[in-house]
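The structure appears below as structure tokens.
The values are calculated or read from the model by the stated rules, or taken from the named source; none is laboratory data. From a predicted model like this one, the values you see are computed outputs, not experimental measurements. Backbone-built Cβ (ideal geometry, glycine too); neighbour counts: all protein chains shown.
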Amino acid sequence: MGFTNRFKQVGMISAAGMFALAALAGCGQADAASHAIVKRDAAPKIGGSITINASPHGPWADVFNPYSPGENQDDIVPDIYEPLVQWNGANGDSKAWLAQSWNWSDNNTVLTVHLRKGVKWSNGKPFTSADVVFTYDMLKKYPAIDGNALWSYMKSISPEGPDTVKVVLNKPNSTFFYYFSGTLIVPEFQFKGVNPVTFTDSHPIGTGPYKLQSFNPQQIALVRNAHYWQAPMPYLENVYYPAETSNESTILGLATGSIDWATIFSPSLQTSFVNKDPQNYHISTESGGFDALYLNVHHYPLTMPVVRQALSLALNRQALSRIGESGYSAPSALNGVNNSMVANWSTPALQAKYASKFNPALAKKMLQKAGFKMKNGTMMTPKGQPFTLTMDVPAPFSDFVTMSSQIKQMFGAIGIQVNEESTSANEYLTRLETGDFQTGISWTPSGPNPFYTQNGLMNSAYAGPMGQSASGLNYMRFSDPQVQTLASQFYATENTATQKQIIAKLGGILATQLPVIPLLNRSTPIEYSSKTIAGWPTAANPYWNISADTGPIVVLTHLYQK
């Protein structure tokens with residue numbers, strides 16, 4: 001499977017519950033909940049190491065700036081730079097982190113954040129409110145790196161002494177705190193005077209549990225931060241990130257014990273991994289978002305909604321699930337509501353209305369009615385040209401490679417030729433982000449409810465000019481005024497019933513316009529070894545999400561050598 005971008009998808013919590021959490025924080029309860037309780041008889045000793053590969057990236061780039069478009073260390077940078085709050089992508093839990101507590105006032109338009117005292121950067125310098133204000137002001141100065149469009153909500157941010165920050169919003173926004181608090185904070189002394197779009201930050205200085213020890217394209221080594229504010233955590237002395245080139249090489253590393261933790265797909269995890277050491281080798285899963293076929297809606301004839309609808313009908317999602325994902329990920333509906341969220345955010349009638357269907361005969365008829373013609377087995381566009389598509393295929397992600405091959409055959413069955421272009425993980429992401437693609441499979445944004453997927457895919461605030469990196473995951477540069485109107489309505493309400501109505505309307509737009517074609521409900525396998533390392537979340541003590549890429553820091557700080 002692919003990896004996620006930390007700054008475009010940061011976790012889960014109910015939108016209606018955000019201000020409730022803020023109120024609890026004002027009473028001191030948020031800070032009390034900020035420390036996971038790991039049950040053990042004695043404090044672990046410091047030492048040992050862990051090797052992690054959340055996803056095969058290929059050779060590493062010497063870029064640790066979390067805001068650089070060239071940064072591909074999405075699963076490493078959060079070990080170094082930290083957010084105000086940690087969000088659990090599996091169950092909606094949150095933990096106060098660099099922020100100790102926070103409270104809202106003035107009808108939820110003024111947010112006061114009380115920072116944790118005594119925090120230091122890894123070089124020993126104090127972390128203060130000036131660093132927090134600088135980070136968000138940097139996003140304002142360079143809109144291209146404001147991936148969650150925070151400054152479309154914010155009026156101002158200012159320090160209120162060394163340990164307090166005040167944020168003023170233009171108007172109440174029910175999604176703001178989720179995105180705001182998940183932003184990684186950088187030191188003013190390191191980033192002042194540089195262009196954060198081009199700055200590589202090859203010698204990062206963060207507040208996180210680890211700091212950079214060494215870099216080479218084949219492996220990044222981190223070492224324990226002696227100044228970390230949660231001392232004696234972390235317990236492991238070193239964290240190693242090898243530059244694996246494929247899912248297969250990562251699974252081999254897991255099976256042989258050279259990799260301890262991964263978030264990777266393989267069609268035979270039980271036999272290729274778990275059965276090698278059933279006592280110590282484990283698999284978990286995490287659900288969220290979708291695998292989807294992204295379409296460049298500015299490329300003819302993908303500009304036509306009827307074409308996108310026909311392409312969706314040509315896809316056999318049951319086969320994609322069975323062959324491409326070994327059944328881990330079930331076929332999805334078209335409205336952007338993941339199976340795990342249906343009970344709370346949709347209805348059986350809506351899910352049935354927007355259920356994905358496999359009907360290649362109908363797909364052909366729809367295209368022919370729209371002016372396409374079949375000629376010697378080839379679908380010709382109304383302009384008289386063969387209907388051909390180019391699909392970017394990320395070579396390291398074996399499941400995406402398999403599904404791309406299947407999609408090529410499915411489209412071929414209705415006369416559409418697909419040319420697959422194999423790319424590296426970095427090239428694949430760059431093409432998507434800059435809009436330099438026609439089609440390609442990728443993951444979608446996710447969050448506490450379907451709005452974060454629907455809005456993240458369709459809101460033009462998460463797009464950007466062609467040729468420049470999209471600020472979010474609207475790689476298609478899709479734009480619809482209805483989406484903007486509905487998003488504004490969602491921001492303005494905390495009423496769950498109203499939010500459900502908005503989600504239903506956005507789902508209708510997504511299901512009929514299909515700027516992306518949802519394929520499968522994303523369910524990511526997570527592999528880990530307890531052979532030499534303890535402190536993992538368990539059924540008896542599920543203190544955090546175990547994923548190696550979306551929830552590593554909380555777990556990583558608690559792991560220790562046996």
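Of the numbered conditions (1) under 30 Å from T498 (Cα atoms); (2) buried (at least 19 other Cβ atoms within 10 Å of the Cβ); (3) among the polar types (S, T, N, Q), S321 fails exactly one; give the number of that condition.
Condition not satisfied by S321: (1).
Since I526 meets every condition but one in (1) in contact with a helix residue (DSSP H, G or I) (Cβ under 6 Å, 6 or more places away or on another chain); (2) at pLDDT below 95; (3) β-branched (V, I, T), which condition does it not meet?
(1)
If M403 satisfies every condition in (1) surrounded by fewer than 18 Cβ atoms within 10 Å (Cβ to Cβ); (2) within 30 Å of L252 (Cβ to Cβ); (3) modelled with pLDDT of 95 or more but one, which is the exception?
Result: M403 fails condition (1) only.
Return yes when T512 is surrounded by fewer than 17 Cβ atoms within 10 Å (Cβ to Cβ), assigned by TED's automatic domain parsing to the domain that holds D399 and in contact with a Leu (Cβ under 9 Å, 6 or more places away or on another chain) and no when it is not.
Values: surrounded by fewer than 17 Cβ atoms within 10 Å (Cβ to Cβ): yes; assigned by TED's automatic domain parsing to the domain that holds D399: yes; in contact with a Leu (Cβ under 9 Å, 6 or more places away or on another chain): yes.
Judged against the criteria, T512 is a match.
Could you please tell me which pairs satisfy a Cβ distance under 9 Å, a separation of 6+ or placement on different chains, a first residue in the range 136-162 that is not assigned by TED's automatic domain parsing to the domain that holds F451 and among the basic types (K, R), and a second residue that is assigned to a helix (DSSP H, G or I) and crowded, with 16+ Cβ neighbours inside 10 Å?
Qualifying pairs under 9 Å: K140/L150; K140/W151.
Out of Y235, Y328, Y300, Y294, which single residue is farther than 21 Å from A548 by Cβ and either among the charged types (D, E, K, R) or part of a loop (DSSP other than H, G, I, E, B) (or both)?
One residue alone meets the criteria, Y300.
Just one of (1) surrounded by fewer than 15 Cβ atoms within 10 Å (Cβ to Cβ); (2) over 22 Å from G208 (Cβ atoms); (3) in contact with a strand residue (DSSP E or B) (Cβ under 9 Å, 6 or more places away or on another chain) trips up N123, so point out which.
The one condition N123 does not meet is (2).
Examine the range 93-102 for a residue that is within 26 Å of the chain's Cα centre (by Cα), assigned to a loop (DSSP other than H, G, I, E, B) and not aromatic (F, W, Y), and state whether such a residue exists.
If we filter the range 93-102 for residues that are within 26 Å of the chain's Cα centre (by Cα), which is where we start, we get 93-102.
Then keep just the ones that are assigned to a loop (DSSP other than H, G, I, E, B); that gives 93, 97-98.
Within this subset, residues satisfying the condition of being not aromatic (F, W, Y) are 93, 98.
Yes, because at least one residue in the range 93-102 is within 26 Å of the chain's Cα centre (by Cα), assigned to a loop (DSSP other than H, G, I, E, B) and not aromatic (F, W, Y).
Would you mind listing the strands (runs of 3 or more DSSP E) fully within the range 352-450 where at least 3 residues are in contact with an Asp or Glu (Cβ under 9 Å, 6 or more places away or on another chain)?
388-394, 417-423, 439-443
Is there a residue in the range 333-345 that is hydroxyl-bearing (S, T, Y), farther than 24 Å from Q417 by Cα and buried (at least 21 other Cβ atoms within 10 Å of the Cβ)?
no
Select from the range 315-330 the residues that are modelled with pLDDT of 95 or more and either within 19 Å of the chain's Cα centre (by Cα) or not aliphatic (A, V, I, L, M) (or both) and list them in ascending order.
Result: N316, R317, Q318.
Run down V197, V186 and say which single residue is assigned to a loop (DSSP other than H, G, I, E, B), assigned by TED's automatic domain parsing to the domain that holds V554, surrounded by fewer than 17 Cβ atoms within 10 Å (Cβ to Cβ) and in contact with a helix residue (DSSP H, G or I) (Cβ under 8 Å, 6 or more places away or on another chain).
Going through V197, V186 in turn, the sole match is V197.
How many of the residues making up the range 78-90 are assigned to a helix (DSSP H, G or I) and at pLDDT 95 or above?
2
Going through T250, T271 one at a time, which residue ends up being in a helix (DSSP H, G or I), polar (S, T, N, Q), buried (at least 17 other Cβ atoms within 10 Å of the Cβ) and outside the structural domain of P537 (by TED's automatic domain parsing)?
T250
Evaluate the following for Y543: is it at pLDDT below 95, farther than 27 Å from Y210 by Cα and aromatic (F, W, Y)? Talk me through it step by step, then tell me what you get.
On the way: at pLDDT below 95: yes; farther than 27 Å from Y210 by Cα: no; aromatic (F, W, Y): yes.
Considered against the rule, which asks whether it is at pLDDT below 95, farther than 27 Å from Y210 by Cα and aromatic (F, W, Y), Y543 comes out as no.
Return the residue satisfying two criteria in turn: it lies in the range 129-150 and is part of a loop (DSSP other than H, G, I, E, B) and buried (at least 20 other Cβ atoms within 10 Å of the Cβ), and of such residues it is farthest from the chain's Cα centre (by Cα).
Applying the filter and picking the extreme gives D146.
Within the range 155-181, which residues are small (G, A, S), farther than 14 Å from W104 by Cβ and outside any strand (DSSP E or B)?
Of everything in the range 155-181, just one residue is small (G, A, S), farther than 14 Å from W104 by Cβ and outside any strand (DSSP E or B), namely G161.
Go through the range 459-495 and report how many residues are farther than 18 Å from L139 by Cα, among the hydrophobic types (A, V, I, L, M, F, W, C) and touching a residue at least 40 places away in the same chain (Cβ under 8 Å).
Total satisfying the criteria: 5.
Scanning the range 253-268 for residues that are over 23 Å from the mean Cα position of the chain (by Cα) and not aliphatic (A, V, I, L, M), which turns out surrounded by the fewest Cβ atoms within 10 Å (Cβ to Cβ)?
T256
Name the residue that is surrounded by the most Cβ atoms within 10 Å (Cβ to Cβ), counting only residues in the range 417-429 that are touching a Pro at 6+ places or on another chain (Cβ under 9 Å) and either touching a residue at least 40 places away in the same chain (Cβ under 8 Å) or farther than 18 Å from G58 by Cβ (or both).
Here the answer is L429.
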